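Q: I have a structure I would like to understand better, so I am pasting it below and will then ask my questions one at a time.
Read-outs: derived from the displayed coordinates by stated rules, not from any lab. Not measured: the values here are computed from a predicted model. Quick reminder, even Gly has a Cβ in these numbers, built from the backbone with ideal geometry, and neighbours come from all protein chains shown.
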Amino acid sequence: MMQVLTTSHPMADHPRIVLLPEVLSGKPVIRGTRISVEFVVGLMADGWTADDILGEYPGLT
């Protein structure tokens, strides 16, 4: 029998990341945008610096 834990999601109160079912199917996104956290992490994995990302996406802070 599987036990289901009911705890609040840690990102629910994050000041810069939001989870909204109506935005990108509920994926974590940067608050106020439709840019997924997964996308930003992928850019960083590809060698982009924070300055590179902010230069290309000036709406991010």
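Q: Using 0.36 nm per residue, how much length does the chain from Ala50 to Arg16 gain when fully extended, once their Cα-Cα distance is taken away?
A: 10.7 nm
Q: Now a separate question. Take peptides 19-31, 48-60 and line them up by average Cβ neighbours within 10 Å, highest first, as a rough protection proxy.
A: 19-31, 48-60
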